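Every number in this text was worked out from the coordinates using simple rules, so none of it is lab data. Only a predicted model underlies this, so the values are computations on that prediction, with no experimental measurement involved. Counting neighbours? That spans all protein chains shown, and the Cβs are built from the backbone with ideal geometry, glycine included.
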Amino acid sequence: SEIGELVSAGRGETVRLDAVVVGAGFGGMYAVHRLRERGMRIVGIEAGGDVGGVWYWNRYPGARCDLMCVDYSYSFSPEIEQEWTWSEQFAAQPEILAYANFVADKLKLRDSIRFNTRVTGAVWDEDRQLWSVTVDDGTVYEASYCVLATGPLSIPKDPEIPGLADFGGELYRAQKWPHHEVDFSTKRVGLIGTGSTGIQIVTEVAKDVGEFYVFQRTPSFTLPMRNDKLDPDYVEEIKAHYAGLRAAANASALGGVRPSTTRPYFSLPPRQRRQLMEDAWRMGGHAFLGTFSDLLTNPDANEQVAEFVRAKIGEVVNDPETAEALKPKGYPIFARRPCLDTDYYEMFNRPNVHLVDLLKDPIAEITPTGVRLAGGTEVALDALILATGYDGLTGAMMAFDIVGRDGANLRDKWSHGAESYLGLMLAGFPNLFMVCGANGPAALANIISINEQNVNWLCALLDHMEAEGLGTFEPTPQAEARWMDLVHTLAEKTLLSKAQTWYVGANVTGKTRGLTMFTGGFSKYCEHCATAAAGGYSELVFR
Ligand code: N01
């Protein structure tokens, strides 16, 4: 077919297209589907060997989504909703990847995607009004539109610890986990990093390991997930009510159905607050976020909830010193991504699971045989697992040259932090579109909802341009500045910027610090996008 030819043709040559889509995670997959449906000649470019994005790469033990499947799944196709059946409330990585594959098979997405291929540069050709996108085998795709669905979390970040390259044992990175099972049952294993990823790895690896050393710098708050297998009656109910569930999700702050409230913490008497916290703890998941309205804005309310969770940690962990070290202090709860777990704290009661508190004794270096702490302790290891996170939000778009009009390089434009219009497009970069960009809700709401909403917005824009006979779009610098003002104003009001996290760029040396995500919630974000489109996209310049 012509579609297939676009993908296979032209290695080392030049191929003319309507659009290139970079990335085949959930955002890129949906973009490929929608653009192709419009009759556009497109190719998707994906570095991985198949679809799925983070779920293709992150095969580490315990990998699981902390959003419920009823939220974390495509809503655009009632057929897919009915044909696919989830087995658990919170799905594990193999099931999510199977779902991505199911969708790709059903929509024949792979016909339009080139895998094992990395984009090396994208340059706007002003004379010819097109993007020239080069990939690592030298093929050049020339396309009217360039759609970047490169993901907010796709560039792994190694820890900056001397000696890492000299480690002689087995080295595993969470985000590039091997495609086969790894047996740790007789091994001395170390893990660096206790964010969402590290916590998930601990709960799984600790079940069957020789000796396990968890190197913790900043402890994270983690809450009980209370995952459940889904029984057939419940699945049937969900399938009968998807439309309503999706509508509720789209009207919510997080792009997902969960309790919410307008009740501030101190509006209730202490006994009732306590009861609500106990209920949230028992209910599990992100129930806490819907318990009090001011958790992310009132430091005193936040601290009381944090103290409640710390007390729970103390109840679970037997060794008082370990319990104390596991209790997060010095930053607000929910300012780092709240983790959800199954028996995380319980694992530290096992005799072969050891917490190494790096706040007391930091890592001095990694040696060929293990880890040496500043105090002189040597921890001998057969295997070392890195769960040290990502160069988030901007990493993937800074990994290759993106050059707009007049030779402007995105790396320069973003040298003081990510700035864009609605998180979707960039002044000076015509016909460039970002799916789940750094200045939208990105990591703060259900990313599949964001992906769908972003791509739908792009398609409506393309319809408008087609109807009006327009060739290029681009936001005005004023529109971009106005959006960023709003982003910054909202960011100042939340506690999210009060912890040293990847949210604010704190985990990458030299990166400009600051919260560049839209913190106003998913539904508000959708309203802003709708307003921007109404009245003929008055903040865009068309040529
Ligand atoms: O990465 P992170 P992640 N020495 O940046 C530590 C999503 N996600 O991959 O905080 C010692 O959160 C670092 O310590 P510190 C989710 O959005 C979702 O875990 O810098 N430690 C920290 O503990 C999440 O927010 C799911 O003191 C070092 C850890 O490495 C995002 O991905 C699952 C170190 C990095 O934590 C990223 O999570 C997984 C050093 N030199 C991920 N350098 C679910 O849906 C770094 N660290 C459930």
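Gyration tensor over the Cα atoms of the range 30-148: the corresponding equivalent ellipsoid has semi-axes (square roots of 5 times the eigenvalues, largest first) of 31, 17, 11 Å.
Sorting Cys65, Cys529 by the number of Cβ atoms found within 10 Å of their own Cβ, with the fewest placed first, yields Cys529, Cys65. Averaged over every viewing direction, what's the projected area of the C-alpha convex hull for the range 288-400? Give it in nm², one decimal, please. Computing the convex hull of the Cα atoms and averaging its projections yields 10.5 nm².
Out of every Cα-Cα pair that the range 427-543 contains, those further apart than 20 angstrom amount to 46 percent. Axis of helix 270-283 versus longest Cα principal axis of the chain: the two differ by about 70°, to the nearest ten degrees. Between the amide H of Thr367 and those of Arg372, distances stay under 5 Å, these residues lying 5 or more places away or on another chain, with hydrogens modeled in the peptide plane.
Would you please classify the overall shape of the range 62-220 from the alpha carbon gyration tensor, given that a ≥ b ≥ c denote the square roots of the eigenvalues, rounded means a/c under 1.5, and beyond that prolate means a/b larger than b/c while oblate covers the rest? Present the calculation step by step, with values, prior to reporting the outcome.
Values: a/c = 2.45, a/b = 1.38, b/c = 1.78.
Note, shape of the range 62-220 comes out oblate.
Ellipsoid fit via the Cα gyration tensor, the range 299-349: semi-axes of 20, 12, 9 Å, each the root of five times an eigenvalue, largest first.
Show me the GluC sites (Glu not before Pro) within the range 142-210 that DSSP assigns to loop and that have at most 16 other Cβ atoms within 10 Å of their Cβ.
On the way: sites: Glu142, Glu160, Glu170, Glu181, Glu204; in loops: Glu160, Glu181.
Answer by residue number: Glu160, Glu181.
Separation of the range 11-56 from the range 61-134 is 10 Å, based on Cα centroids. Plainly put, the range 197-243 has a radius of gyration that is 1.22 times its Kirkwood radius, both from alpha-carbon atoms, as the Rg/Rh ratio.
Express the Stokes-Einstein translational diffusion coefficient of the chain in µm² s⁻¹, to the nearest whole number, given a Kirkwood radius over alpha-carbon pairs, 20 °C and a viscosity of 1.002 mPa s. Let's see the in-between values first.
On the way: Rh = 24.5 Å.
Translational diffusion coefficient: 87 µm²/s.
Positive end of the dipole of the range 1-110 (Cβ unit charges, origin at the Cα centre): among Val20, Trp57, Ala104, the Cα lying farthest that way belongs to Val20. Measuring max minus min along each principal axis, the C-alpha atoms of the range 236-314 give extents of 40, 25, 19 Å (largest first).
Computed from the alpha carbon atoms alone, the convex hull of the range 366-491 holds 181 Å³ per residue.
When each of the peptides 29-42, 441-454 is scored by how many other beta carbons lie within 10 Å of its residues on average, the order from highest to lowest is 441-454, 29-42.
So what's the back-of-envelope 222 nm ellipticity for the chain, counting only DSSP H runs of four-plus at -39500 (n - 2.57) apiece and dividing by all residues, rounded to 500? Before the final figure, lay out the partial values.
Values: 17 runs with 177 residues, N = 543.
My calculation for the chain gives -9500 deg cm²/dmol from helical runs alone.
Rounded to the nearest Hz, the phi-derived 3J(HN,Hα) couplings of the range 212-225 under the Karplus curve 6.51 cos²θ - 1.76 cosθ + 1.60 (θ = phi - 60°) are 10, 10, 9, 8, 10, 8, 8, x, 9, 6, 9, 10, x, 6, where x marks glycine and proline. The orientation-averaged shadow of the Cα convex hull for the range 79-137, equal to a quarter of the hull surface, comes to 6.7 nm².
Can you pull the semi-axes for the range 383-443, root of five times each eigenvalue of the Cα gyration tensor, sorted largest first, whole Å?
On the way: eigenvalues 126, 40, 16 Å².
After diagonalising the Cα gyration tensor, the semi-axes are 25, 14, 9 Å.
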